[in-house]
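What follows is one structure encoded as structure tokens, with my remarks underneath.
The values are calculated or read from the model by the stated rules, or taken from the named source; none is laboratory data. Treat the numbers as computed from the prediction; the structure is a model and nothing was measured. Using ideal geometry, Cβ is built from the backbone for each residue, glycine included, and neighbour counts are taken over all protein chains shown. Side chains are part of the model used for accessible areas, which takes the heavy atoms of the whole protein and leaves out ligands, DNA and RNA. Shrake-Rupley method; radii C 1.70, N 1.55, O 1.52, S 1.80 Å.
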Amino acid sequence: MIALTASALLTPRECIEQPLLLLDGGKIVEVTSRAVRELPRGCRSFDFPGAVLAPAYLDIHIHGGVGHDVMEPSSEGLNRFETSLARHGVAAYLPTTVTAPEENILRALEWLANSIENPREDVAGVCARPLGIHLEGPFLSHTRRGVHPPEYLLPPTLSRFDRYWQAARGHIKIMTIAPEIEGAMELVAEASRRGVCCSLGHSDADLETARAAIRAGARHATHTFNAMRPLDHRQPGLVGAILTDQHVTAEIIADGIHVDPAIVQLFLQVKGQDTAVLITDAISATGMPEGRYRLGSFEVELKGEECTSEGKLAGSVLHLDQAVRNAMQFAGWKLQETVQLASANPATVIREKQKGVVAAGADADIIILGPGGEVQKTIIAGQISG
Ligand SMILES: [Zn+2]
């Protein structure tokens, strides 16, 4: 048994002062306070004075990092990437594919399904785990494709989706889709029926089409504002549908580059603490020096903090712990309010009840944060980072 004490604990919806947290066998056993319970005898105890315990983060939209692209079948690269995620407080993530030739996507889905089903025993140290896949493309709008290669964008059909579904052995948790393309509504309904979270994005949809997709089952939005028809007061479009529906959860890239800090603030005020989700959309260039890096089947240039391809933004080099700190700064939110956007909320999107919360019975995925949100240590499945 492991006992953790610190100055506060964020569950994250509640704050417990002088917490005592007991972990055993990779699970949280008890969440209590030193005011009501003594440290049990015979457990390994760790005290973090002045620090805050919180659920570890989940990144539900991420393409790679430290030189590794998640579509590339390399165990060594994946291990390096997952170790780096853990250093930034991320315990679980959805490897996210980009539009590519169909055989490349199918190969990536199969490889990712293997790594989801078979946790590697040989891995030393604490590393993040893939929980499922986010399929971003090919069912996207040509007009709002961003850097997704146009030659591989495809109209959505049930049989095409089924090929991806089979290759991924049912591990697709989120699918980004543009609802205005022919066949999309039918696929939204069918994929939602299979438990996939259909996420509206890379779309030029108007308000009515977006709302029809939500009625068909879509319940999430992919990197709100980016690769969408801009919000206009006479033509609110997809952004208008996302901002006015409190049942729709929505991602935002809070790197200060993809979306202006004032718009991040506006977004957080409108979506609130329960439906806003911080993601990174980070690519293989994250944590690397300037240069050229892969994103799926194409190349991206990293210069300063910006990744571009064909002169357009191509993913980010953001870390999720930094996104939390940025959101606090941009919106003037407290750590407690903001931690939820990278833990409990993404867990809700993918309906993972054991993740993103500190509660008895949940997975022992915990981060130890400084008062400003700096990650001091990450615990994944009860294993403490060095
Ligand atoms: Zn992306």
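Ranking 8, 254, 84 by how far each Cα lies toward the positive end of the dipole of the chain (charges on Cβ) leaves 8 at the top. Where both bridge residues fall in segment 1-92, DSSP classifies roughly 60% of the beta bridges as antiparallel. Around the amide H of residue 90, modelled in the peptide plane, lie the amide H atoms of 57, all under 5 Å away and 5 or more residues distant in sequence or on another chain. Taking max minus min of the alpha-carbon positions on each principal axis, segment 219-281 gives extents of 28, 23, 19 Å, largest first.
Looking at the chain, the accessible area is 39 square angstrom per residue; that uses a 1.4 Å probe and ignores ligands, DNA and RNA. Inter-label distance, residue 24 to residue 123: 2.6 nm, where each label sits 7 Å from its Cα along the C-beta direction. Based on every Cα atom in segment 1-100, Rg and the maximum pairwise Cα distance Dmax equal 17.5, 56 Å.
Rounded to the nearest 10 degrees, the inclination of helix 184-193 to the longest alpha-carbon principal axis of the chain is 30 degrees.
Using 5 Å bins from zero, what percent of all Cα-Cα pairs in segment 304-386 falls into each bin? P(r) over segment 304-386, rounded to whole percents: 3, 13, 18, 21, 19, 13, 8, 4, 1, 0.
Computed from phi, the 3J(HN,Hα) profile of segment 22-31 under the Karplus parametrisation 6.51, -1.76, 1.60 (θ = phi - 60°) reads 10, 10, 7, x, x, 10, 7, 9, 8, 10 Hz, with x in place of Gly and Pro.
Computing FRET efficiency as 1/(1 + (r/R0)^6) for residue 189 and residue 38, where r is the C-beta to C-beta distance and R0 is 45 Å, gives about 0.25.
Modelled spin labels at residue 334 and residue 308, positioned 7 Å past Cα toward Cβ, are 4.1 nm from each other. Relative to the compact-globule estimate of 2.2 N^0.38 Å, the Cα radius of gyration of segment 71-135 comes out at 1.10. When only alpha carbons are used to place a centre, segment 297-354 and segment 41-92 end up 14 Å from one another. Just the number, please: carbon plus sulfur as a percent of the accessible area of the chain, 1.4 Å probe, no ligands or DNA/RNA counted. Answer for the chain: carbon and sulfur cover 49 percent of the accessible area.
Annotation note: GluC sites (Glu not before Pro) in segment 104-169 located in DSSP loop regions with a Cβ neighbour count of at most 14 within 10 Å are 121. Accessible area ranking (1.4 Å probe, heavy atoms, ligands and nucleic acids excluded), largest first, for 39, 78: 39, 78. Projected onto their three principal axes, the Cα atoms of segment 257-350 cover extents of 37, 28, 20 Å, largest first. Ignoring aspartates and glutamates fewer than eight residues from residue 271 along the same chain, the ones with Cα atoms less than 19 angstrom from its Cα are 59, 232, 245, 251, 255, 260, 337.
Run the numbers for residue 154 and residue 260: contour at 0.36 nm per residue of separation, minus the present Cα-Cα distance, in nm.
35.0 nm
Rg then Dmax, both in Å and based on the Cα atoms of segment 198-237: 9.6, 26.
Put simply, segment 26-168 fits an ellipsoid with semi-axes of 39, 16, 14 Å; these come from the alpha carbon gyration tensor as the roots of five times its eigenvalues, largest first.
Across the alpha-carbon atoms of segment 158-257, the computed radius of gyration and Dmax are 13.4, 43 angstrom. Here the ratio of the Cα radius of gyration of the chain to 2.2 N^0.38 Å is 0.95.
Go through segment 7-95 and name the GluC sites (Glu not before Pro) that are in a DSSP coil and have 13 or fewer other Cβ atoms within 10 Å of their Cβ. Listed in order of number, the matching sites are 14, 38. Classify segment 274-317 as rounded, prolate or oblate from the Cα gyration tensor: take a ≥ b ≥ c as the square roots of its eigenvalues, call it rounded if a/c is under 1.5, otherwise prolate when a/b beats b/c and oblate if not. Taking the square roots of the gyration eigenvalues as a ≥ b ≥ c, segment 274-317 is prolate. Across segment 346-352, rounded Karplus estimates of 3J(HN,Hα) from the backbone phi angles (6.51 cos²θ - 1.76 cosθ + 1.60, θ = phi - 60°) give x, 5, 5, 4, 9, 6, 9 Hz, Gly and Pro being marked x. Phi angles of segment 248-259 translate, via the Karplus equation with coefficients 6.51, -1.76, 1.60 and θ = phi - 60°, into HN-Hα couplings of 8, 7, 8, 7, 9, 9, 9, 9, x, 10, 5, 9 Hz per residue; Gly and Pro are given as x. Shown here for segment 280-381: trypsin sites (Lys or Arg not before Pro) in loop regions (DSSP other than H, G, I, E, B) with at most 16 other Cβ atoms within 10 Å, namely 334, 351, 353. DSSP beta bridges confined to segment 231-386 are antiparallel in about 75 percent of cases.
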